[in-house]
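See below for the structure under consideration.
The values are calculated or read from the model by the stated rules, or taken from the named source; none is laboratory data. As the structure is a prediction and not an experimental result, all values here were calculated from the model. FYI the Cβ positions are ideal-geometry reconstructions off the backbone, even for glycines, and counts take in every protein chain you see.
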């Protein structure tokens, strides 16, 4: 009887060992290499208003472009080494960012309020063919003016109710945003986590902030 128990235990242990041998460890997916040129930097708090956008695109050969409500500037340069992004203007470091796992974990900006984030660019224009509902809120006001937007790959239309055929030209920002200057009105749009954010400066100097959701 004791012999049968021992044989049974050995059989169970043998089966358990076989199961362990059959188990194959699934390797963790390889982390995608990080390239700063695959992202844009979106900042708030450095522009005309606390909430309007400053968008930096990273080009080849260490060149950067700033897009703001005052226009765009091709003078800035940047370096990215050992997870540290530095942005220069006229040879002077303007801002510095520490990046880990595709996210900004610290920065050198002391102004408040201030926020910043990296947004990955797209291979195709994410605005093309889409309609967005939302509105604009003027600086210092709680009133939102309802607005609808419709984009093609090069033009957009805007209206409160019935949208016309898109006939206002815009410049695509790495396929995830847009910049336009129509009748001395400057507008920036950037798509962040599926939500279209906007900043607008009117000829009078007034600033408006927009929030839009895809229809």
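Observations on the model:
- Residue, nearest to the chain's Cα centre (by Cα), within the stretch 173-204, restricted to residues that are assigned to a strand (DSSP E or B) and surrounded by fewer than 17 Cβ atoms within 10 Å (Cβ to Cβ): 192
For (1) modelled with pLDDT of 95 or more; (2) in contact with a helix residue (DSSP H, G or I) (Cβ under 7 Å, 6 or more places away or on another chain); (3) farther than 30 Å from residue 189 by Cβ, each residue gets a yes or a no:
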position: 16; (1), (2), (3): no, no, yes
position: 38; (1), (2), (3): yes, no, no
position: 43; (1), (2), (3): yes, no, no
position: 49; (1), (2), (3): no, no, no
position: 55; (1), (2), (3): yes, no, no
position: 65; (1), (2), (3): yes, no, no
position: 70; (1), (2), (3): no, no, no
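- Condition broken by residue 125, with the remaining ones in (1) within 21 Å of residue 209 (Cβ to Cβ); (2) buried (at least 17 other Cβ atoms within 10 Å of the Cβ) satisfied: (1)
- Residue 163 meets the conditions (1) touching a strand residue (DSSP E or B) at 6+ places or on another chain (Cβ under 7 Å); (2) part of a loop (DSSP other than H, G, I, E, B); (3) within 26 Å of residue 41 (Cβ to Cβ) in every case but one. The failed one is (3).
- Any hit, the stretch 132-139, residues being touching a residue at least 24 places away in the same chain (Cβ under 8 Å) and farther than 19 Å from residue 53 by Cβ: yes
- Scanning the stretch 140-160 for residues that are farther than 20 Å from residue 119 by Cβ and either outside any loop (DSSP other than H, G, I, E, B) or under 23 Å from the mean Cα position of the chain (by Cα) (or both) yields a count of 12.
- Checked against the criterion of being at positive phi and outside the structural domain of residue 68 (by TED's automatic domain parsing), the stretch 151-161 has no qualifying residue.
- If you go through the stretch 53-83 and keep only what is under 18 Å from residue 180 (Cβ atoms), part of a strand (DSSP E or B) and either in the same structural domain as residue 191 (by TED's automatic domain parsing) or within 19 Å of the chain's Cα centre (by Cα) (or both), you end up with 53, 54, 55, 57, 65, 66, 67, 68, 72.
- Search result, residues across the stretch 84-103 that are under 16 Å from the mean Cα position of the chain (by Cα), surrounded by fewer than 16 Cβ atoms within 10 Å (Cβ to Cβ) and part of a strand (DSSP E or B): 100, 103
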